Amino acid sequence: MIANPVPWPNGARCAVAFTFDMDADSILHLAHHTSADTRLAAMSMLRYGPEIAVPRLVELYQRFDMHQTFFLPAWCMERYPAAVEAILQGGHEIAHHGYLHEHPNELPSEEELYWLQRGIDVFVTMTGERPRGFRAPTYKFSRHTLTHLVNEGFVYDASLMGDDVPYLLENATGRVVELPSHYALDDWPHFMASRDFNYFMSIKPPRQAMEVYAAEFDAMWEYGGLWIAVWHPFLSGRLARCVAIAELIEYMHKKGQVWFARLDEIAAYVQQLTQAGMWTPRVDRLPYYPGPIPELGEAEPTLAR
Ligand SMILES: [Zn+2]
């Protein structure tokens, strides 16, 4: 079913990475800049992430002896240094998720680079290292993102959805490893309910979401894929959902032959396999198109309406 399965380490059938995007209240300031300070209930819901959920998740990972990856907008690192400290102390990776959760594909290239570099500066100051990985906020990877990532020395990206296994993104500037996921492994469609974001998913038992994640896991396990959860502490870190996550981890352990890893470890492993000639990843050349396709002309065609 997978044309080019990865020879995962130690005979593992698949690789598993639980990644959490700790957006905290950055998304509220971005959505409602002039009134975010008046939306205290929404703020409290989002602050639950760094204040309550992150310490809980770090404890959960410790219970299972797991090291995972958290994506943080750099502004959130500055705002919530205790969460950064807890994540690092747990042996987890922190990767780049914008400065204030800005959307790269809605910005001019220079502005995108400005926020990327401003974020990197925060990483260097607070962690002593440059980030190795990037996930574009709201998956909004731009036509220029790859060039900026290569120039800034990033090893991997985790924003795209183009395969079941790692692949490479390439352009004239260079390459990075892509570690893909997709919406079925995102918690927003399962759990997000907020008037302030005009987004209301119906409330369901956490196990219903876990059934979807487990089905994705079973398929990846069967065919040698890469399972990356894209979750948010303020959503999946709520109590009943965390209980269900622990059960999902137990299920994975029971099944066995699973490589639980940080994304930087998976990217390094892919590079190592490639260099040793033991596995050749597929390459996506970016951007996919130099501009709007010519078949429909330059004006907004009636066809598209
Ligand atoms: Zn995010």
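The values are calculated or read from the model by the stated rules, or taken from the named source; none is laboratory data. Here the structure is a predicted model, which means the values were calculated and not measured. So basically every Cβ, Gly included, is an ideal-geometry build from the backbone, and we count neighbours across all protein chains shown. For the accessible areas, the whole protein counts, side chains as well, though only heavy atoms, and no ligand, DNA or RNA atoms are used. Shrake-Rupley method; radii C 1.70, N 1.55, O 1.52, S 1.80 Å.
Regarding T38, is this residue touching a helix residue (DSSP H, G or I) at 6+ places or on another chain (Cβ under 6 Å) and β-branched (V, I, T)? When the stated conditions are applied, T38 does not pass them. Restricting the range 4-31 to residues that are open to solvent by 10 Å² or more (accessible area, probe 1.4 Å) and not in a loop (DSSP other than H, G, I, E, B) leaves a set whose member that is nearest to the ligand (Cβ to nearest atom) is I27. Looking at the range 153-172, which of its residues are more than 16 Å from the ligand (Cβ to nearest atom) and open to solvent by less than 30 Å² (accessible area, probe 1.4 Å)? Correct list: F154, Y156, V165, P166, Y167, L168, L169, N171.
Number of residues in the range 1-46 that are touching a residue at least 40 places away in the same chain (Cβ under 8 Å), more than 23 Å from Y183 (Cα to Cα) and not small (G, A, S) equals 7. Pairs are defined by a Cβ separation below 8 Å, a sequence spacing of at least 6 or placement on different chains, a first member in the range 106-129 that is surrounded by 15 or more Cβ atoms within 10 Å (Cβ to Cβ), and a second member that is among the basic types (K, R); the pairs so defined are I120/R130; F123/R130. Cβ-Cβ distances below 7 Å connect the following pairs, each with a first residue in the range 72-92 that is within 16 Å of the ligand (Cβ to nearest atom) and open to solvent by 30 Å² or more (accessible area, probe 1.4 Å), a second residue that is of a type in the set (G, A, S) and part of a helix (DSSP H, G or I), and a separation of six or more residues or different chains: W75/S26. Among the conditions (1) over 25 Å from P5 (Cβ atoms); (2) away from the ligand (no atom under 16 Å from the Cβ); (3) open to solvent by 60 Å² or more (accessible area, probe 1.4 Å), R175 misses just one, which is (1). Can you find a residue that is of a type outside the set (F, W, Y), open to solvent by 10 Å² or more (accessible area, probe 1.4 Å), away from the ligand (no atom under 16 Å from the Cβ) and farther than 27 Å from A193 by Cβ anywhere in the range 32-54? Within the range 32-54 (the criterion being of a type outside the set (F, W, Y), open to solvent by 10 Å² or more (accessible area, probe 1.4 Å), away from the ligand (no atom under 16 Å from the Cβ) and farther than 27 Å from A193 by Cβ), the answer is no, since none of the residues qualifies.
In the range 294-302, the count of residues that are more than 24 Å from Y213 (Cα to Cα), in contact (Cβ under 8 Å) with a residue 40 or more places away in the chain, open to solvent by less than 90 Å² (accessible area, probe 1.4 Å) and in a helix (DSSP H, G or I) is zero. Consider the range 233-280 and keep the residues that are within 18 Å of the chain's Cα centre (by Cα) and charged (D, E, K, R). The one that is nearest to F134 (Cα to Cα) is D264. No other residue among K204, K254 is modelled with pLDDT under 95 and charged (D, E, K, R) apart from K204. The combined condition, being touching a strand residue (DSSP E or B) at 6+ places or on another chain (Cβ under 9 Å) and either open to solvent by less than 10 Å² (accessible area, probe 1.4 Å) or among the aromatic types (F, W, Y) (or both), is fulfilled by I245.
Among the residues of the range 120-145, write down those that are within 13 Å of the ligand (Cβ to nearest atom) and of a type outside the set (D, E, K, R). Answer for the range 120-145, where residues must be within 13 Å of the ligand (Cβ to nearest atom) and of a type outside the set (D, E, K, R): F134, A136, P137, T138, Y139, F141.
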